[in-house]
Structure formats: C-alpha cells, structure tokens
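No value in this document is a laboratory result; all are computed from the given coordinates. Given the structure is predicted, the values throughout are model-derived calculations rather than measurements. Don't worry about glycine lacking a Cβ; one is built from the backbone with ideal geometry, like all the others, and counts go over all protein chains shown.
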Amino acid sequence: MGVFVMPSLGSDMESGTLVEWTIKPGDTVKRGDVVAVVETQKGAIEIEIFEDGTVSELTAELGRELPVGAPLAVILKPGEVPPAPPSPPKAQVSESSPASARGLDPVPVASDTAPPLSPPRATHPDASAVSPAARVRARERGLDLGTLSGSGPGGAILLRDVDAAEKAAAIPTSNPLRTGSPIAEMRKAIAAAMTRAKQTIPHFYLSETIDVQPAINFLAERNADRLPAERVLLGALFVQATARSAAKVKSVNGRYADGAFQPSSTVNVGVVVALRGGGLVAPALMDVRSLDLDQTMAGMRDLVSRARAGRLRSSEMTEGTITLSSLGETGAEAMTGVIFPPQVALVGIGAPHIRPWVVGGAVVPRSVVTLTISADHRVSDGRQVARFITEFETLMQDPENL
C-alpha cells in the first residue's frame with residue numbers, strides 16, 4: 001500500500017491547489033496515468049502517477065491548497081486488499097457488571113461524590129512530537145508550538161511547519177500579491193527560484209557566434225512545398241542539436257541532487273515557452289534523440305499549445321535534463337540564462353542576425369546566432385562545455401544529419 005502525495009513540480013513550487021480528480025476509489029491505475037489536476041503559480045498541471053495499483057481512498061479535498069508532500073490518495077499495489085476497519089471492543093458482561101449492561105433496568109445508586117473527570121489534553125506537543133530544528137526555530141521566532149499543526153509522521157511538528165506559520169503571520173490576508181494577478185504570482189515564483197539557483201549553483205558561461213545560414217537554407221528547401229502548419233522551424237533544429245550534443249557531452253545532461261551529479265541516459269530538452277500576458281514555463285520534450293525533425297516540430301507545437309492553455313503534465317515539468325531558451329526569429333542578439341535546478345546546464349540562443357562572415361576566403365552576408373551555455377561548475381568545466389559548443393556548431397553546418 002502506497003501513499004500518493006503532492007509532487008514537487010519545480011524548485012519554485014511550495015504548494016498547489018487540487019482542482020480536479022480524474023480517478024475515484026476502485027479505479028485501476030498504471031504508471032503514467034493522469035490522476036489529478038493541480039493549480040500552481042504556472043497554471044494547471046496534470047499530475048501523473050508513478051506506480052501501478054488500485055485507488056483505495058482519496059484523502060485530499062478539492063479546492064484545498066496543499067504543501068508539497070501532502071497525502072492525496074492511498075494506492076493499493078496489485079494483489080493488496082484494503083485494511084479492514086478496526087472492530088469496536090466488545091463489552092465484557094459478568095455478574096459484577098452493571099444491570100444495564102445485562103439488559104436489566106438500571107437501579108439508581110446514591111453517591112456522595114461525582115466520578116473524577118479526565119484531565120484536559122495538553123495543548124503543547126511533547127518533546128517527541130517536535131523536531132529539534134523546529135523547536136530551535138520556533139524559539140528564535142517567538143512562536144508558540146502549541147498553536148501549530150504538524151505535517152510530519154503522527155502529526156509531528158517539523159521545520160517547514162514553523163516556517164509556514166511564520167510566513168502566514170507575516171503576510172496579511174489582504175496582501176495584493178497573493179490575491180492579485182496570476183502573472184504577479186508567477187513572476188514572484190520565478191524570481192525566488194532563480195535567486196536560489198544563482199545563490200546555490202556556481203554558474204559559468206561560454207559563448208560562441210555560429211553560422212546558421214546552412215540550416216536556414218536547408219529549411220527553406222525542405223518547407224518549400226509544405227503548408228504552414230507542416231513546416232519545420234529553426235527552433236526544431238536547435239532542439240535536436242541540443243539533444244545530440246548533450247548526448248555526446250554527458251556532463252551537461254542530468255541533475256545535481258543529494259550532493260552528487262546524476263547523469264541521464266536520455267535527453268529530455270526543456271523548451272522555454274513565453275506565456276500570453278507574461279511569464280515563462282519550460283516543459284520538457286521527452287527523449288528527443290528518438291524523434292525526427294517533423295516529430296520534434298510537432299512535439300514543440302503541442303507543448304506550446306498546452307502550456308498556453310494551462311494543461312501541461314507533471315512529468316513534463318519535472319523530468320527535463322537540459323533546457324533550451326531561444327529568442328526566436330527576432331529579438332536580441334544574445335542571452336545568458338539561469339540554470340533550472342536540479343539541471344546542470346542551460347542553452348541560450350539569441351535571434352538570428354545578418355553579419356559579414358568569412359566563407360571560402362570571401363566576406364559574405366550570413367545569418368548567425370550567438371550561442372551561450374550556462375553551466376554548473378560542480379559538474380563540468382570550460383573544456384567540456386567548449387566540446388558541446390563545437391558539436392552544436394558542427395550539426396548546424398550539416399543540418400541534413402539532424
């Protein structure tokens with residue numbers, strides 16, 4: 001028997017609001033099924049389950065804002081049965097039992113004293129119900145532990161409960177940022193996540209301006225007889241080049257967690273999407289190396305459409321291994337991004353610009369882009385990232401191989 005909990009959908013997520021169940025008790029679920037929809041600061045996310053089983057109980061109510069890790073449902077593994085409810089204790093009837101317990105009319109008995117009352121329950125948790133860190137933090141902040149609710153095992157008060165209580169006390173209910181525009185909430189979450197990323201990840205950056213005229217010529221020929229909805233854009237080549245380069249330079253593809261780098265055997269490229277009205281999300285296109293260019297373009301269109309409609313899936317928000325942020329066909333010449341933790345690299349690409357370029361000994365006008373890699377110095381160094389840039393540039397010079 002397992003407990004399905006509120007997942008973390010990014011380093012900037014602390015809680016989510018459960019807005020829809022797509023399952024009910026008795027349903028059979030398998031890994032990857034969408035079981036709920038959670039509203040976050042980045043929109044509605046379809047939550048997937050990561051185990052097979054049968055839904056025994058839905059423990060969370062719709063409309064509730066729940067912290068990451070809060071129980072949502074109980075899932076029985078294949079072959080398990082739900083635990084039987086405890087039976088009420090049976091009364092023992094004996095000759096010495098009161099008459100009412102033996103089905104006889106009660107006989108009043110006079111008594112000079114009333115039975116003692118049970119002592120009231122203590123409002124303060126005992127030492128075993130409060131973690132040491134929570135006790136120290138509460139003492140520092142002047143918080144009364146007896147007024148807090150615990151989210152730990154058996155109702156134990158943990159550090160996060162103290163922090164949540166302090167935050168709630170500091171933010172008035174009329175705070176306009178919490179009740180105002182969703183974009184304001186999203187920007188606040190993005191700012192908090194990026195601040196933590198810059199403070200905890202030792203960033204370094206390498207840039208190179210590369211010729212993308214061969215790629216543009218290739219796409220012009222490929223798209224000549226296609227309808228607009230079937231055309232492949234330059235961004236699809238960037239996604240494929242990112243995935244293939246990351247597969248060769250493994251130190252930029254994976255996650256840094258629990259004090260160690262965990263390389264990924266697949267390349268799931270997070271694609272930064274600008275939302276209408278403002279804000280960004282970076283859902284991942286899964287296993288990009290298994291896709292051809294048409295499939296990559298179709299996958300990108302699908303991600304953008306669902307991101308702007310607020311219907312992304314939890315795996316797309318949590319399983320990226322490297323992120324690509326491109327400014328598209330027009331815009332600034334270069335950009336430097338902040339790594340999305342727990343990833344270890346971000347690829348930033350400026351908009352194409354026409355520049356004088358030396359080709360075959362002659363200076364000619366060419367479309368070029370500036371490629372900038374933000375990398376985690378705990379995992380890689382300049383030489384490895386330079387290899388990534390070389391691989392990327394080679395692929396853009398020979399786009400037929402993408």
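Distance between the pseudo-spin-label points of Q199 and S149 (7 Å out from Cα toward the beta carbon): 2.8 nm.
Want the number for D294 to T330: 0.36 nm per residue separation, take away the alpha-carbon distance, what's left? Don't skip to the answer; put the middle values down first.
On the way: separation 36, 0.36 × 36 = 12.96 nm, distance 2.26 nm.
Taking 0.36 nm per residue and subtracting the Cα distance, the gain is 10.7 nm.
With a Förster radius of 51 Å applied to the C-beta separation of R378 and D225, the computed FRET efficiency comes to 0.55.
For the stretch 217-362, the calculated P(r), taken from all Cα-Cα distances in 5 Å bins from zero up to the bin holding the longest distance, is 2, 9, 17, 20, 20, 15, 9, 4, 2, 1, 0 percent.
Annotation for R301 and R355: the two label points, set 7 Å from Cα along the Cα-Cβ direction, are 3.2 nm apart. Using the Cβ-Cβ distance between D163 and Q397 with R0 = 56 Å, the FRET efficiency computed as 1/(1 + (r/R0)^6) comes to roughly 0.60.
Each of T318, T242 was scored by other Cβ atoms within 10 Å of its Cβ. Listed from fewest to most, they are T318, T242. For the peptides 25-37, 376-388, 352-364, the ranking by packing is 376-388, 25-37, 352-364, with the highest mean count of neighbouring Cβ atoms within 10 Å listed first. Measuring between their Cα centroids, the stretch 10-34 and the stretch 342-357 lie 36 Å from each other. Spin-label model, D258/E65: points 7 Å from Cα along the beta carbon direction are separated by 3.2 nm.
Go ahead and run the numbers for FRET between R139 and T28, Cβ-Cβ distance against an R0 of 45 Å, rounding to 0.05.
Details: r = 49 Å, r/R0 = 1.09.
Once the sixth-power term is evaluated, E becomes 0.40.
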